[in-house]
Each structure stands twice: as structure tokens, then as C-alpha cells.
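Please see the structure below; I have some questions.
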Amino acid sequence: MAAQFFNRIGQMGLGVALLGGVVNSALYNVEGGHRAVIFDRFTGIKENVVGEGTHFFIPWVQRPIIFDIRAQPRNVPVITGSKDLQNVNITLRILYRPIPDQLPKIYTILGQDYDERVLPSIAPEVLKAVVAQFDAGELITQREMVSQRVSQELTVRAKQFGFILDDISLTHLTFGREFTLAVEMKQVAQQEAEKARFVVEKAEQQKLASIISAEGDAEAAGLLAKSFGEAGDGLVELRRIEAAEDIAYQLSRSRGVAYLPSGQSTLLNLPSTLAQ
């Protein structure tokens with residue numbers, strides 16, 4: 001009796017385990033930020049998109065295909081030419097995500113690697129068309145306008161393939177070696193021109209200073225001539241006395257200066273021993 005009871009329990013446990021395995025194989029999970037598309041072996045891709053959570057499917061007959069619908073970054077480097085035929089190296093950074101309702105169409109036409117098939121194709125095409133409308137200098141001074149125009153046109157193109165571009169920005173912008181050398185030469189020429197202008201202005205100022213000085217000397221000479229005409233030799237004698245007073249004052253302050261009386265017999269009055 002006990003053996004039959006345990007045998008039935010074992011059979012029931014085996015049946016529960018088999019049933020649990022079948023049920024578990026018919027379940028799949030869709031994580032947050034993801035969506036699923038169901039492929040049916042008899043009807044193909046179903047049009048309905050499965051949201052987040054745990055769902056049932058028919059094993060072997062159906063297969064869930066999971067898509068990540070969160071925004072993902074991608075860098076697209078492009079080498080193109082400007083309006084004035086300058087080589088431009090641009091890196092475009094794109095944040096993209098698929099439109100959930102368009103996932104069955106995306107998988108049918110492009111597959112799960114839709115970004116690898118579409119973005120490297122449409123991004124260079126749009127970027128080259130926009131950059132060709134601007135000169136090299138305008139790409140620098142009007143960079144925001146260039147970015148906006150690229151964003152508008154690329155968003156329209158991407159929507160045709162079933163995904164959205166949340167952000168588009170120009171992260172890297174450089175020019176060819178020839179243009180870089182030309183810019184450097186232009187800067188050097190501008191610096192040389194500024195230096196030459198400074199030299200010319202300095203010469204003009206020196207010339208003006210010389211003219212002013214000459215006019216001052218001429219005016220002083222005229223005043224002296226007028227004074228000589230009015231005062232005669234008295235003015236000259238006055239200047240001589242003032243100069244002599246100034247010399248005497250300077251000599252009086254010097255310790256190495258000795259005053260001797262006038263006349264030529266000064267040394268004759270010294271003692272004979274000193275004279276020998």
C-alpha cells in the first residue's frame with residue numbers, strides 16, 4: 001500500500017516537473033526599455049509589438065525578437081568638401097532609437113542591425129549636401145546653423161526608415177593641411193602688417209616731435225634775438241654772471257678743489273727746502 005502511494009507521488013512529481021518545463025519554455029521576458037516582435041513559422045512577423053513584462057509564446061512555432069528602444073549613441077566620421085573646395089573632416093554624433101510601432105517593418109526590411117545598415121549611409125549623404133553650401137570660414141562662424149540644418153534633414157531621412165534621432169551634434173571639425181597652412185600664413189601676414197603700421201605711426205610721432213622741437217627752438221631763438229635787440233650786451237653779461245655763480249657754487253661743494261690767489265708768484269714764496 002505504501003509502495004503504491006509513493007509510486008503515485010513520484011508519477012505526479014514527474015508530471016508536474018514536465019508541465020513546469022513546458023510552461024517555462026513557453027515564457028519569455030521583455031526587460032524595461034525593450035520591445036519584442038513575434039516571428040511565427042506559419043504567418044511570419046506579427047504586426048503587434050509586445051511590451052515589457054513576461055509573456056507566452058508557442059515553442060518551436062513562435063520566436064520572440066527583442067529590440068532595445070532606448071537612445072543609443074553613434075559617431076559617424078565623414079570627409080567632405082566645402083563650397084570653396086576645402087577638405088573638411090567632420091565627426092557627427094547621433095543619439096537614435098527605433099519607433100516602437102515600426103519594429104515589425106524595421107525587422108522585415110532591415111533586421112536587428114538596422115543602425116549599421118542605415119546611419120552610415122544617410123548621415124554622410126546629408127552632411128555632404130549641407131556642408132557643400134558653406135565656405136570653410138562659414139563652417140566655423142556659422143557652426144550652429146550648419147548643425148541645425150543637418151539635424152533637420154537627417155531627422156526627416158531617418159524617420160523614413162522607422163527610427164528617431166534625439167540629438168545630432170558636430171563634435172569634431174578640422175580642415176585639410178593646405179587650408180591650415182593658409183590660415184597660419186594669413187595670421188603671420190596680419191601680424192606683420194600690424195607691426196609695419198606701428199613702425200609707421202612711431203615714425204610719424206617722431207617726425208611730429210621733431211617739428212614741434214624745431215618750432216620751439218626757432219621761437220626761443222627769436223625771443224633771444226629780440227631780447228638782445230632790446231637789452232644789448234647787458235643780457236649776455238647777466239647770463240655770464242649767473243653761469244659763474246653756478247660754477248662757483250658747484251666747486252665750493254667739492255672737497256678736492258683748493259683756491260689759490262691770483263698771480264703767477266704763488267710758488268715762489270714756498271720755503272727753499274720744499275723748492276729743492
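Can you go through Pro104, Pro100 and tell me which one is open to solvent by less than 30 Å² (accessible area, probe 1.4 Å), of a type outside the set (Phe, Trp, Tyr), in contact (Cβ under 8 Å) with a residue 60 or more places away in the chain and touching a Lys or Arg at 6+ places or on another chain (Cβ under 8 Å)?
Matching residue, one of Pro104, Pro100: Pro104.
Please give the number of the condition Thr141 fails out of (1) open to solvent by 70 Å² or more (accessible area, probe 1.4 Å); (2) more than 18 Å from Thr91 (Cβ to Cβ); (3) in contact (Cβ under 8 Å) with a residue 24 or more places away in the chain.
Here Thr141 meets the rest and fails (3).
I would also like to ask the following. What tally of residues in the range 132-155 results from selecting those that are touching a helix residue (DSSP H, G or I) at 6+ places or on another chain (Cβ under 7 Å) and of a type in the set (A, V, I, L, M, F, W, C)?
Qualifying residue count for the region: 6.
Residues checked against (1) out of contact with any strand residue (DSSP E or B) (no Cβ under 6 Å at 6 or more places or on another chain); (2) assigned to a helix (DSSP H, G or I):
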{"residue": "Leu95", "(1), (2)": "no, no"}
{"residue": "Asp101", "(1), (2)": "yes, yes"}
{"residue": "Pro104", "(1), (2)": "no, yes"}
{"residue": "Thr108", "(1), (2)": "no, yes"}
{"residue": "Ser121", "(1), (2)": "yes, yes"}
{"residue": "Val126", "(1), (2)": "yes, yes"}
{"residue": "Ala129", "(1), (2)": "yes, yes"}
{"residue": "Glu153", "(1), (2)": "yes, yes"}
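Given the conditions (1) in contact with an Asp or Glu (Cβ under 8 Å, 6 or more places away or on another chain); (2) at pLDDT 90 or above; (3) of a type outside the set (Gly, Ala, Ser); (4) closer than 24 Å to Phe39 by Cα, and given that Phe163 satisfies all but one, which numbered condition is not satisfied?
Unmet for Phe163, out of (1) in contact with an Asp or Glu (Cβ under 8 Å, 6 or more places away or on another chain); (2) at pLDDT 90 or above; (3) of a type outside the set (Gly, Ala, Ser); (4) closer than 24 Å to Phe39 by Cα: (2).
Looking at Gln133, is it farther than 20 Å from Gly162 by Cα and open to solvent by 70 Å² or more (accessible area, probe 1.4 Å)?
When the stated conditions are applied, Gln133 passes them.
Residue-wise test of (1) part of a strand (DSSP E or B); (2) within 19 Å of Glu125 (Cα to Cα); (3) not acidic (Asp, Glu).
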position	(1), (2), (3)
Val37	yes, no, yes
Ile45	yes, no, yes
Ile58	no, no, yes
Asp84	no, yes, no
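The values are calculated or read from the model by the stated rules, or taken from the named source; none is laboratory data. Quantities reported herein were computed from a predicted structural model and do not represent experimental measurements. Counting neighbours? That spans all protein chains shown, and the Cβs are built from the backbone with ideal geometry, glycine included. These area figures cover heavy atoms from the full protein model, side chains too; ligands, DNA and RNA do not enter into them. Shrake-Rupley method; radii C 1.70, N 1.55, O 1.52, S 1.80 Å.
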